[in-house]
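These notes are about the structure you will find just below.
The values are calculated or read from the model by the stated rules, or taken from the named source; none is laboratory data. Model, not experiment: these values are computed from the prediction. Positions of Cβ are backbone-derived with ideal geometry, glycine not excepted, and every protein chain shown enters the neighbour counts. The protein model used for the area step is the full one, side chains on, heavy atoms only, and it has no ligands, DNA or RNA in it. Shrake-Rupley method; radii C 1.70, N 1.55, O 1.52, S 1.80 Å.
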Amino acid sequence: GTGSYEDYPWEDFIHQRFGGNSYTRAPFLFYFWTWRETHTSQGVLASYQQLFTGNGENFASAFKEYLVWNYFTGNRAVTNSFGQSLFGYDEAGITGFPTATLSATHTTYPVNVNGLPFDHLVGRMIRLRPPTGLRDGLEIQFNGQDGVALSAMWAVRFPDSVSWGEIPLDNANDGSFVLDLRGASEAALIPVVTQTSGSNFTFSYSINSTTIAECSPGDINADGALDVTDLVRLVNIILEQGEPPTPVEICAGDVNGDEAITVQDVVQLVNIILQ
């Protein structure tokens with residue numbers, strides 16, 4: 001079309017991610033507009049694909065990363081104490097920078113959802129809050145429509161950084177992934193259609209909390225034996241005495257497997273030790 005303001009973030013992403021974010025030169029954008037100068041009848045998406053191919057990059061991979069950048073904008077931007085962006089757009093957290101719209105927010109698990117259908121070059125941004133209780137991860141089962149160029153991106157926000165990647169999908173666009181949310185404030189599931197035509201594509205997903213830390217119930221100090229030292233540490237954890245418990249200690253402290261550390265776990269551990 002004629003172009004409008006909403007086209008700007010895409011070219012801003014291109015410049016910052018691939019063009020060096022310079023204030024004096026913009027090699028990727030210069031390539032694009034120089035190409036357009038001599039290919040005036042070509043569709044603009046084809047020109048963007050040429051931009052990436054001609055510079056040894058991949059349009060679909062770039063577009064998926066672009067959606068991850070867009071998630072961490074506005075009030076979800078990752079910034080330092082000076083308001084400087086630590087991920088994505090360098091201006092992502094400044095006053096007035098818009099916050100990308102969410103499709104859903106999940107705070108309790110399990111969930112089973114049929115996502116809102118979406119079109120080509122569209123993503124859905126699904127916010128995931130860390131599970132409560134002793135669970136420290138989320139297991140995602142994703143099912144996308146067959147025969148579509150579709151990806152399922154994930155991202156995890158930590159205090160001053162972002163970890164992100166892609167859920168491995170099979171030929172039927174199905175896959176699973178476990179997010180490690182230890183120390184994280186939130187996560188995101190971002191399905192993305194990267195093909196340049198088509199509409200009304202479908203997807204669904206289920207998410208459940210899971211335990212990341214590997215442990216042996218009752219073996220609080222992970223020394224391979226259940227004895228009075230484990231019992232003492234378990235009592236201190238319940239009474240909130242001493243050092244804060246590690247993920248492994250929390251995992252092992254749930255002796256009876258009810259996803260809570262209580263006096264019932266102490267009783268269970270005593271019974272095991274006395275056997």
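Rounded to the nearest 10 Å², what accessible area does S61 have for a 1.4 Å probe in the complete protein model?
Accessible area of S61: about 60 Å².
In whole Hz, what ³J(HN,Hα) sequence does region 90-103 give by Karplus (6.51, -1.76, 1.60; θ = phi - 60°), x for Gly and Pro?
My calculation for region 90-103 gives 5, 9, 4, x, 6, 4, x, 5, x, 9, 4, 6, 8, 8 Hz in order.
Residue-wise, which Karplus ³J(HN,Hα) couplings in Hz belong to region 43-59, taking 6.51 cos²θ - 1.76 cosθ + 1.60, θ = phi - 60°, and x for glycine or proline?
After applying 6.51 cos²θ - 1.76 cosθ + 1.60, I find x, 5, 5, 5, 5, 5, 4, 5, 3, 6, 4, x, 10, x, 10, 10, 4 Hz.
Can you work out the Karplus-derived ³J(HN,Hα) for every residue in region 118-128? Use 6.51 cos²θ - 1.76 cosθ + 1.60 with θ = phi - 60°, whole Hz, and x for glycine or proline.
Once θ is set to phi - 60°, the couplings for region 118-128 become 9, 9, 5, 6, 10, x, 10, 9, 10, 8, 10 Hz.
In terms of solvent-accessible area of protein heavy atoms at a 1.4 angstrom probe, what is the ranking of V162, V78, highest value first?
V162, V78
Let me check against my output: what whole-number percent is the relative contact order of region 194-260, with C-alpha pairs under 8 Å and at least 6 apart?
Details: 49 pairs, mean separation 24.8, N = 67.
Reported as a whole number, the value is 37 percent.
How much solvent-accessible surface does V111 expose, in Å² to the nearest 10, with a 1.4 Å probe and all protein chains in place?
20
Tell me which residues come under 5 Å, amide H to amide H, from H106 once H is placed; ignore anything under 5 positions away on its chain.
Placed amide hydrogens put R127, L128, R129 under 5 Å from H106.
Only bridges with both residues in the chain count here: give the DSSP antiparallel percent, nearest 5.
95
Using a 1.4 Å probe, what is the accessible area per residue for region 168-275, in Å²?
About 50 Å² of surface per residue is accessible.
Just to be sure I understand the model, the point goes 7 Å from the Cα along the line to the Cβ. What's the resulting T34 to Q264 distance in nm?
The modelled label-to-label distance comes out at 7.0 nm.
What whole-number distance in Å separates the alpha-carbon centres of region 1-75 and region 229-260?
Centre-to-centre distance over Cα atoms comes out at 51 Å.
State, as an integer percentage, the relative contact order of region 79-218 based on alpha-carbon contacts under 8 Å between residues 6 or more apart. All intermediate terms of the calculation are to be shown ahead of the outcome.
Details: 313 pairs, mean separation 46.6, N = 140.
It comes to 33 percent, rounded to a whole number.
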